[in-house]
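Notes follow the structure.
Every number in this text was worked out from the coordinates using simple rules, so none of it is lab data. Everything numeric in this text was worked out from a predicted model, so none of it was measured. Here the Cβ positions follow ideal geometry from the backbone for every residue, glycine too, while neighbour counts run over all protein chains shown.
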Amino acid sequence: MTSCLQDRCSTTELRRPAARVYRVTRAGNPPPVSVKDDLLGDFPHIYPGLTRPEIEQLLSLLDKSSSTEGRLGLSIATALEPLVPDVAARIDSYKQSDDVDEYVRMLRGAAVMLLQEWQPEDEPPAADRISSMIESIEADD
């Protein structure tokens with residue numbers, strides 16, 4: 001009987017412990033997307049469609065919601081939906097309150113930088129310029 005088993009399986013397979021854990025690598029799969037990546041991906045599509053008064057309104061809403069922290073992510077999303085429905089959908093998609101907090105914090109920072117760069121008499125700054133600034137600031141964290 002032993003010889004029959006050895007004919008079907010290698011001796012290594014016969015001696016392998018049952019509880020052995022094998023790591024599977026994800027060759028070719030992209031790494032998980034971070035909240036920062038979400039914001040940098042969203043920002044160039046959201047911002048150019050907003051006027052300066054709308055950016056100021058967005059900043060005001062973010063300031064009000066920052067005190068709630070991520071525990072009230074749905075409320076934040078509801079408050080932002082009429083102005084920026086894509087941002088509201090993104091916030092609503094997060095399962096962890098830490099992700100909501102981080103996204104709101106970075107979006108608020110982006111709005112502040114945007115308003116600082118956007119002087120009333122000037123043309124609005126390019127979205128990719130603001131995205132580059134966000135990326136360099138967030139890289140230091």
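A compact table of results
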quantity	calculated
Compactness of the range 35-139 as Cα Rg over 2.2 N^0.38 Å, two decimals	0.99
Segment residue 119-residue 64, length gained on full extension (0.36 nm per residue, minus Cα span)	17.4 nm
Dipole axis of the range 35-139 (+1 Lys, Arg; -1 Asp, Glu on Cβ), positive-most option in 62, 134, 107	62
The range 73-124: GluC sites (Glu not before Pro) in DSSP coil with no more than 14 other Cβ atoms inside 10 Å	121
